[in-house]
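The values are calculated or read from the model by the stated rules, or taken from the named source; none is laboratory data. Because the structure is predicted, anything quoted here is derived from the model rather than measured. FYI the Cβ positions are ideal-geometry reconstructions off the backbone, even for glycines, and counts take in every protein chain you see. The protein model used for the area step is the full one, side chains on, heavy atoms only, and it has no ligands, DNA or RNA in it. Shrake-Rupley method; radii C 1.70, N 1.55, O 1.52, S 1.80 Å.
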Amino acid sequence: MQGTAPIAVRNGTIVTADRLIPGGVVLLDNGLIVNYGEEGKLEVPGDAEIIDAGGAFITPGFVDIHCHGGGGFWSWEHPYEFAIAHLKHGTTTILPTFTYNESRHQVMEGLQTIIQTMASELPFVEVIVGIHMEGPYINRKYGAVTSPIRPVDPEEYNEILDLAGDKIKVWTLAPELDGQEAFIAEASRYNISFSVGHSEATAEQIFRFVPFGLRIGCHCTNASGTTPSTSRYGGTREVGVDEAVLVHDDIFAEVIPDSEGIHVRPLMLKLIHKTKGTDRVIIITDGMPSSGVNTGDPSDVNWNHLGQLAGSKLTMDKAVRNMMRHASVGWVDAFRMASLNPAKVIHQDHRIGSIEKGKLAHLIIVDEEVNVKQVILSGRLFQEPIIETDS
């Protein structure tokens, strides 16, 4: 497909960043979007290959910036298999995400595996655009499994930055920990977007890092505290991480919309969306290896061996469906939060995240329930590759 005949994706409702276009057509050539609009108002090349959307929705592919696993695999152990598992569900851009439970050796080994995979010529490997380091420099009071959480270590973070600095797109940290000022000053040289998470930082501690690139509130209403704790005044709540994220106009709020409203209660999703606005909310999966695996269990929620909440089984199609239902948002808003906003926060919105001329042809065709019918990556219709693994 890519580099051969142009492609016309037609007979669907286009979801752009600001409106719906019924009866739309999107023209693709050489892996890029070259035009889009109402069918009949655009000239479709006579030699164009036609992909019929069948009256469904033509949307940008999902961008998941916070996902630990999928298809039965951890993202840093088998990044390709993990990425393909999510690509099947419409995620055309993904960041393999560490869980803060890995040792220093496991982190370095995992980083090397991801980087080698990104540099390979495996089919559709461009779905992986970078790495999310969730930890290890987080507050041990707010981790589902706390034993590997460790103090900020210049020797360790410099080793990580030397190996993968320009590949790391997001780094989640607890601003209140000793040594974070020196760390974020060094890491900010790599244009990393920092995320406050697993933390009880004060608003002041969070806001002081915004000029250095702190742009994200990690999975809001999960693993966050208030300071001081307990409250100074009985029966009242102190300002915490989530409130600070909601207040600051330059910080995006991540949300995990599972179907049961466990990670974020449905009314809380509405509050976050109402407070931050569509342009500052990012839908994520926080997916684990069970994501995209049909286990027969309808729950979206993942629990660890201690019975603690530990990520989800979500894929982005499910997460968007749940967000639309729980927060009463429409198609345009849902796809800004699932595609364009995460692309912006990792500085990739010039290439991906919306249906616009000149952007990569990362498209999906979904029905009215956000069930994925077809996936197009860089102008190529996705067909699941045969994957051989040692595990």
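Here are the numbers for this structure:
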quantity: Residue that is most open to solvent (accessible area, probe 1.4 Å), among those in the range 305-327 that are part of a strand (DSSP E or B) and out of contact with any Asp or Glu (no Cβ under 8 Å at 6 or more places or on another chain); calculated: 309
quantity: Criterion: open to solvent by 70 Å² or more (accessible area, probe 1.4 Å) and assigned to a loop (DSSP other than H, G, I, E, B) - qualifying residue of 285, 295; calculated: 295
quantity: Strands (runs of 3 or more DSSP E) wholly inside the range 4-108 that include at least 1 residues being surrounded by fewer than 18 Cβ atoms within 10 Å (Cβ to Cβ) and among the polar types (S, T, N, Q); calculated: 7-15, 32-38
quantity: Yes/no for residue 286 being modelled with pLDDT of 95 or more, within 17 Å of residue 74 (Cβ to Cβ) and of a type in the set (Asp, Glu); calculated: yes
quantity: Residue match in the range 328-342 (condition: part of a loop (DSSP other than H, G, I, E, B), surrounded by fewer than 19 Cβ atoms within 10 Å (Cβ to Cβ) and among the hydroxyl-bearing types (Ser, Thr, Tyr)); calculated: yes
quantity: Members of the range 149-166 that are part of a loop (DSSP other than H, G, I, E, B), touching a Lys or Arg at 6+ places or on another chain (Cβ under 9 Å) and under 21 Å from residue 218 (Cα atoms); calculated: 149, 150
quantity: From the options 299, 291, residue that is in contact with a His (Cβ under 9 Å, 6 or more places away or on another chain) and either in contact (Cβ under 8 Å) with a residue 12 or more places away in the chain or farther than 22 Å from residue 55 by Cα (or both); calculated: 291
quantity: Residue within the range 118-125 that is touching a strand residue (DSSP E or B) at 6+ places or on another chain (Cβ under 7 Å), modelled with pLDDT of 95 or more and of a type in the set (D, E, K, R) present; calculated: no
quantity: Candidate set: the range 85-110, residues that are over 13 Å from the mean Cα position of the chain (by Cα) and of a type in the set (A, V, I, L, M); chosen: the one nearest to residue 366 (Cα to Cα); calculated: 85
quantity: Qualifying residue in the range 142-150 (condition: closer than 20 Å to residue 214 by Cβ, surrounded by fewer than 18 Cβ atoms within 10 Å (Cβ to Cβ) and without any contact (Cβ under 8 Å) to a residue 60 or more places away in the chain); calculated: no
quantity: Matching residues in the range 343-374 - criterion: being open to solvent by 10 Å² or more (accessible area, probe 1.4 Å), within 21 Å of residue 314 (Cβ to Cβ) and not in a loop (DSSP other than H, G, I, E, B); calculated: 372, 373, 374
quantity: Hits in the range 251-299 - residues which are over 26 Å from residue 204 (Cβ atoms) and basic (Lys, Arg); calculated: 265, 270
quantity: Pairs, first more than 18 Å from residue 179 (Cα to Cα) in the range 196-224, second at pLDDT below 95 and assigned to a helix (DSSP H, G or I), C-beta under 7 Å, six or more apart; calculated: 223/142; 224/142
quantity: Residue ID - most open to solvent (accessible area, probe 1.4 Å), chosen from residues in the range 109-127 that are assigned to a helix (DSSP H, G or I) and in contact (Cβ under 8 Å) with a residue 40 or more places away in the chain; calculated: 112
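Residue by residue, here is whether (1) over 22 Å from the mean Cα position of the chain (by Cα); (2) over 28 Å from residue 332 (Cβ atoms); (3) of a type in the set (A, V, I, L, M) holds:
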site	(1), (2), (3)
4	yes, yes, no
28	yes, no, yes
47	yes, yes, no
52	yes, no, no
59	no, no, no
63	no, no, yes
71	no, yes, no
76	no, yes, no
83	no, no, yes
